[in-house]
Amino acid sequence: MTSKFSFSKFFGTDDEDLSNPNDQEMASNQKIVSISDNKKGDSKIAVFEPRIYTDVKTIAKKLIDNSAVIINFDSADDKTTKRIIDFLNGVIFTIDGRIERISEMVFLFSPHSYAVDGEFKKKINRRLN
C-alpha cells in the first residue's frame, strides 16, 4: 500500500521544525541587501547595427543585463526593423525601461536605471514630430 504524500516528509522537514522560535530570532538579525543596488556602478552602453532579425537575441540579452543599447537600423530593411523594434518594445516593457529616438534610424533602448536628458534630445523630438 502507498502512504499519504507529505511535503514535509518529501523535503525532510517536520512541521515541528517550522515553528522553532530560534529560527525566527536568527532571521530577524540578518541584514537584507538588495541585489539591484550592486549593479549601479556597472552601467554600460552597447552599440548595434542589426542586419537580420536573429540579432535581436543578443540585443535583448544586453538590455536584460542592465546595459543601455543604441541601435542603428540603416543596414536593416523596413520589415526587419519593425520586427526588431516590436520585440524590443516587449523587452523594454518587461524591464520597465525606455525607448528614445535619436535620429530617424537610430534609437536608444535603456533600462529603468538610465536617465536621458538634454537640448539635443528636445531638438530631435521637435524635428521628428
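The values are calculated or read from the model by the stated rules, or taken from the named source; none is laboratory data. A quick note: this is a predicted structure, and the numbers were derived from the prediction, not measured. Glycine also receives a Cβ, built like all others from the backbone with ideal geometry; neighbour counts cover every protein chain displayed.
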Exactly one of Asp86, Asp117, Asp74 is in a loop (DSSP other than H, G, I, E, B), at pLDDT 90 or above, out of contact with any strand residue (DSSP E or B) (no Cβ under 7 Å at 6 or more places or on another chain) and not polar (S, T, N, Q), and that one is Asp74
When the range 43-84 is examined, which residues are found to be surrounded by 16 or more Cβ atoms within 10 Å (Cβ to Cβ) and under 13 Å from the mean Cα position of the chain (by Cα)?
Ile59, Ala60, Lys62, Leu63, Asn66, Ser67, Ala68, Val69
What about Thr94, is it modelled with pLDDT of 90 or more and exposed (fewer than 13 other Cβ atoms within 10 Å of the Cβ)?
yes
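Taking Ile45 as the residue in question, decide whether it is among the β-branched types (Val, Ile, Thr) and modelled with pLDDT of 90 or more. So that I can check it myself, show each step before the final result.
Numbers: among the β-branched types (Val, Ile, Thr): yes; modelled with pLDDT of 90 or more: no.
Judged against the criteria, Ile45 is not a match.
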Suppose the filter is surrounded by 12 or more Cβ atoms within 10 Å (Cβ to Cβ) and either modelled with pLDDT under 95 or among the β-branched types (Val, Ile, Thr) (or both); does Val33 pass it?
no
